[in-house]
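Colleague: Please find one structure pasted underneath; my questions will follow.
The values are calculated or read from the model by the stated rules, or taken from the named source; none is laboratory data. No experiment lies behind these values; they were computed from the predicted model shown. Here the Cβ is made from the backbone with ideal geometry for all residues, glycine too, and neighbour counts use every protein chain on show.
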Amino acid sequence: MGVARITIIILMVIAALWAPQIVKFESFWDYLQMVLSFLCPPIVSLFIFGLFSRRINTRGANAAIITGVTLSILSIGYQFYINLTDSPNILPHYLYLAGWIFIICTIILLVFSFMGREDKGKDWDALIWTPKTFQEETRNLSDLPLVKNYRFQSLLLLGLIAMLLIIF
């Protein structure tokens, strides 16, 4: 059997073991938020710091993702244990825990990136946001009508969302 088949079998067994636990949550939305709050922080940390810094490297990214996934698996496993045994939960609410996982992953990302070598020989300039990028985009967008300008569309969308939040 290939690695892919073994991986699928393992994931199916995990899904079958986990599926009955979903019923123990107040709603499916609570379950979905909990799982996403555990899995997203390392990815968000890597995206934000990778977008604005040339210094973030592969070593730091791998360390942050591995740390985040490990913390997430431990947190989800602990939640699984609590649901099975009806033990009291000593961890903070999962939305607060997501913030802590984000902070830990960010620290790991920065420490490992700055301890290691900078990734040389790769053209990162097109991928990293700088004020120069903003100025070039501003020049390009000045020729477009306001309706086709994504910045105007974003402000309009934010205004509509704010209006809906105020009304409702």
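Colleague: Only one of (1) modelled with pLDDT under 95; (2) surrounded by 11 or more Cβ atoms within 10 Å (Cβ to Cβ); (3) within 23 Å of the chain's Cα centre (by Cα) is not met by C105, so which one is it?
Modeller: So C105 meets the others, but not (1).
Colleague: Now for a separate question. Mind telling me which of the residues S154, S113 ends up being at pLDDT 90 or above, within 23 Å of the chain's Cα centre (by Cα) and assigned by TED's automatic domain parsing to the domain that holds T58?
Modeller: S113
Colleague: Show me the helices (runs of 4 or more DSSP H) entirely contained within the stretch 1-92 in which 2 or more residues are buried (at least 17 other Cβ atoms within 10 Å of the Cβ) and touching a residue at least 60 places away in the same chain (Cβ under 8 Å).
Modeller: Where helices (runs of 4 or more DSSP H) fall fully within the stretch 1-92 and carry at least 2 residues being buried (at least 17 other Cβ atoms within 10 Å of the Cβ) and touching a residue at least 60 places away in the same chain (Cβ under 8 Å), they are 28-39, 41-52.
Colleague: If you don't mind, there's one more thing I want to ask. If I ask for residues that are without any contact (Cβ under 8 Å) to a residue 60 or more places away in the chain, closer than 17 Å to G60 by Cβ and of a type in the set (A, V, I, L, M, F, W, C), which ones from the stretch 93-123 would you list?
Modeller: I103, I104, I107, I108, V111, F112, F114, M115
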